[in-house]
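What follows is a single structure, written as structure tokens, with notes after it.
The values are calculated or read from the model by the stated rules, or taken from the named source; none is laboratory data. Computed from a prediction, not measured in an experiment: that's the story for all the values here. Virtual Cβ from ideal backbone geometry, glycine too; neighbours counted across all protein chains shown.
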Number of protein chains: 2
Amino acid sequence: MENIAKLIGDDLQRLEESIDKLLTTRVSFIREVVHHIIKSGGKRIRPILVILSAKMSGCADYRHIPYAAIVEFIHTATLLHDDVVDNAKTRRGSPTANTLWGNEPSVLVGDFLFSKSFDLMVSDQNSAVLAVMSRVTTALAEGEIMELLKTSDVETTEDDYYEIIANKTAVLLSAACEVGAILGGVDQDKRKALNRFGYHFGMAFQLTDDVLDYVSKGTTLGKDAGSDLKEGKITLPLIHALKSATPEERTVVTDSINKPRMTQKDYRKILNMIKRRGGIEYTVQASKNHAEQAMSFLNAFPPSPYRDAMTGLAQYVTKRET
Amino acid sequence: MENIAKLIGDDLQRLEESIDKLLTTRVSFIREVVHHIIKSGGKRIRPILVILSAKMSGCADYRHIPYAAIVEFIHTATLLHDDVVDNAKTRRGSPTANTLWGNEPSVLVGDFLFSKSFDLMVSDQNSAVLAVMSRVTTALAEGEIMELLKTSDVETTEDDYYEIIANKTAVLLSAACEVGAILGGVDQDKRKALNRFGYHFGMAFQLTDDVLDYVSKGTTLGKDAGSDLKEGKITLPLIHALKSATPEERTVVTDSINKPRMTQKDYRKILNMIKRRGGIEYTVQASKNHAEQAMSFLNAFPPSPYRDAMTGLAQYVTKRET
């Protein structure tokens, strides 16, 4: 990540300025809420993908910067709404907006960010970008709803899981890359390649996220380990473990998940079962496979420092600890 | 309203078909939630404005129908989110989506409707319509947030109130009319006139809504009378009454509003004070003034059954009981 900061430092600086500049509103409280979440140390993965993709695609000016900011706005809107849906208390180690101000502003400021993003894109009149982004925000909502419907459902299959994470996560990272390709003006093949890179990168990203939720230290991730399971989110480590679980092990999982509040002891039991049944390694491997697939699509582009940075990102994504 | 049903019956039929047809999603639960709220007997005021404006502007085909549906989708999205923000239990006499399924689906299905609306508009590639609609959804969110920030604030001024209702309500009705004008292909003056008609119509509409919340029978409105006040919404009847209220009357209002739950006795006291101080008549008159202003903008158009229907709507809006 430090190399990337060096390679596109100027763009990243402009990104932060653009985030501040584009966030015009007559309601200063909106800026306060957005500022709280958007300046809380997010990794800017999505804007970085826009920037690297645009530069790798030959974008020589800074037309991609506002779009990098917009992609981060849309991501931020989903975070605000997710935290309401998940009733999350902390994110990145800080209290969530819903904890500080209640659910209402989180819902409405999320709405503002969605609308503002479209408003900004419509003003720029790039219909190809608009088409990509409007399709994607619809898929994001569908993915979140699919996930909600599968809450605490121990019958969730690997296919269900992949459909959920494709829609709730991978499509936005895929769109970030595709938008960069469009702004850079590359041909359809290269555009498609960047779309696929972003998709597989996004899958690898979410798979790693779901591993980290089980194995990371609370302080590293900025939230408690096991949050997903405690919220009833059935992710691949558990889905895989359940495939070979004994009826007794399965009962422990079902009973714990159906309790109004899972105890730490229940969580430990399930975590040990997941580890015993290879759920962590399986998911780590799945993440690595997607990262490999992602990298293979970069061959559509000639070598460049930007391509190297994209490769580096795809390698980093499976190894990250936060 | 019966005359309008006769005049544009064919369009209204197509509108309902379009609502069903455009609501494509891979998640059938989304259709269920949207269906619950969108088929619950809404008056279709916004789609009717799109249709009448388009026809008055010379639209001879049915290109306005999908847009009429989209405007209703956006309105429905705001209702879903409003009911979460207001913690509303019933709407139009039925349980709200958040009562039936919880806050989470209401937030996410609202997001889906917003995104889907943009997705549909982007596919149609009418950049003038897109510009109007993306500006408006941003204003809607701002209006809702302004209202939230003024919750239980007895210092709310008439100016504050007008700014809130302009953004949370009038701009969408204004946009509905302007979209009709754009699709009908009229000149800038006529387009502007329809924008202004919709704006003042929207102001009259919301002013009447805020009167009805105080004076209608619960069964007519589909929710309890006094809901606004009980939710801490300070609307014009109270704002006006407070201008001439005695310190004792003001204290009653402040104390009641600051209680965790306002009693029916408190509510009666405040309602009587509002009536005594002329808050109801004042707001009714303000609504009539806006309706008059709305009608004056129709003079930009030659006489037609559609223009008569628009005039009729503006007359109806101040007299309606639901």
Discussion item. Restricting to region A:281-300, give me the number of residues that are within 17 Å of the chain's Cα centre (by Cα), closer than 19 Å to residue A:190 by Cα and surrounded by fewer than 20 Cβ atoms within 10 Å (Cβ to Cβ).
Written reply: 0
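So in region B:301-322, with the set limited to residues that are under 17 Å from the mean Cα position of the chain (by Cα) and part of a loop (DSSP other than H, G, I, E, B), which one is farthest from residue B:213 (Cα to Cα)? Show your work before the answer.
Quick first cut of region B:301-322, residues under 17 Å from the mean Cα position of the chain (by Cα) only: B:310, B:313-322.
Subsequent filtering for residues that are part of a loop (DSSP other than H, G, I, E, B) retains B:320-322.
On the way: B:320: 12, B:321: 10, B:322: 10 Å.
Among residues in region B:301-322 that are under 17 Å from the mean Cα position of the chain (by Cα) and part of a loop (DSSP other than H, G, I, E, B), the one farthest from residue B:213 (Cα to Cα) is B:320.
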Item to complete: Filter region B:100-141 for residues that are surrounded by fewer than 19 Cβ atoms within 10 Å (Cβ to Cβ), at the interface with chain A (Cβ under 8 Å from one of its Cβ atoms) and closer than 15 Å to residue A:134 by Cα and give the result.
Response: B:123, B:125, B:127, B:131
Practice prompt. Can you confirm whether region A:215-238 contains a residue that is within 28 Å of residue A:177 (Cβ to Cβ), at pLDDT 95 or above and assigned to a helix (DSSP H, G or I)?
Written response: yes
Worksheet, complete the sentence: Those residues of region B:20-33 that are within 11 Å of chain A (Cβ to nearest Cβ) and either in contact with a helix residue (DSSP H, G or I) (Cβ under 7 Å, 6 or more places away or on another chain) or under 15 Å from residue B:83 (Cα atoms) (or both) come to a total of 6
Discussion item. For residue A:259, only one of the following conditions fails: (1) out of contact with any Asp or Glu (no Cβ under 9 Å at 6 or more places or on another chain); (2) surrounded by fewer than 17 Cβ atoms within 10 Å (Cβ to Cβ); (3) not hydroxyl-bearing (Ser, Thr, Tyr). What is its number?
Written reply: (1)
Worksheet item: Given the conditions (1) under 19 Å from the mean Cα position of the chain (by Cα); (2) among the charged types (D, E, K, R); (3) closer than 17 Å to residue B:313 by Cα, and given that residue B:39 satisfies all but one, which numbered condition is not satisfied?
Response: (3)
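Would you tally the residues in region A:263-277 being in contact with a helix residue (DSSP H, G or I) (Cβ under 7 Å, 6 or more places away or on another chain) and surrounded by fewer than 19 Cβ atoms within 10 Å (Cβ to Cβ)? Walk me through it before giving the result.
Our first condition is that a residue be in contact with a helix residue (DSSP H, G or I) (Cβ under 7 Å, 6 or more places away or on another chain); within region A:263-277, this holds for A:266-267, A:269-271, A:273-274, A:277.
Okay, now just the ones that are also surrounded by fewer than 19 Cβ atoms within 10 Å (Cβ to Cβ), so A:267, A:269.
Total satisfying the criteria: 2.
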Worksheet item: Among the residues of region A:142-158, is there at least one that is more than 9 Å from chain B (Cβ to nearest Cβ), hydroxyl-bearing (Ser, Thr, Tyr), in a helix (DSSP H, G or I) and out of contact with any helix residue (DSSP H, G or I) (no Cβ under 6 Å at 6 or more places or on another chain)?
Response: no
Worksheet entry | Residues (among the charged types (D, E, K, R) and closer than 16 Å to residue B:165 by Cα) located in region B:232-256 | B:233
Worksheet entry | Candidates A:250, A:276, filtered to the one that is touching a residue at least 40 places away in the same chain (Cβ under 8 Å) and basic (Lys, Arg) | A:250
Item to complete: Filter region A:78-99 down to residues that are of a type in the set (A, V, I, L, M) and more than 9 Å from chain B (Cβ to nearest Cβ) and give me whichever is nearest to the chain's Cα centre (by Cα).
Response: A:79
Discussion item. Would you confirm, using the coordinates I've provided, whether residue B:42 is within 19 Å of residue B:171 (Cβ to Cβ) and surrounded by fewer than 17 Cβ atoms within 10 Å (Cβ to Cβ)?
Written reply: yes
Discussion item. Test of understanding: among B:75, B:64, which residue is within 14 Å of chain A (Cβ to nearest Cβ), surrounded by 16 or more Cβ atoms within 10 Å (Cβ to Cβ) and not hydroxyl-bearing (Ser, Thr, Tyr)?
Written reply: B:75
Worksheet entry | region B:161-192 - residue that is surrounded by fewer than 22 Cβ atoms within 10 Å (Cβ to Cβ) and among the small types (Gly, Ala, Ser) and, of those, farthest from the chain's Cα centre (by Cα) | B:185
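Given the condition assigned to a helix (DSSP H, G or I), of a type in the set (Phe, Trp, Tyr) and touching a Ser or Thr at 6+ places or on another chain (Cβ under 8 Å), answer yes or no: does some residue in region A:256-268 qualify? Talk me through it step by step, then tell me what you get.
Step one: of region A:256-268, the residues assigned to a helix (DSSP H, G or I) are A:256-258, A:264-268.
This time we only want the ones that are of a type in the set (Phe, Trp, Tyr), so: A:267.
Right, trim to touching a Ser or Thr at 6+ places or on another chain (Cβ under 8 Å) and you get A:267.
Looking for residues that are assigned to a helix (DSSP H, G or I), of a type in the set (Phe, Trp, Tyr) and touching a Ser or Thr at 6+ places or on another chain (Cβ under 8 Å), one finds at least one in region A:256-268, hence yes.
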Discussion item. I'm told residue A:145 meets every condition in (1) in contact (Cβ under 8 Å) with a residue 12 or more places away in the chain; (2) farther than 24 Å from residue A:44 by Cβ; (3) in contact with a Leu (Cβ under 9 Å, 6 or more places away or on another chain) except one. Can you identify the failing condition by its number?
Written reply: (1)
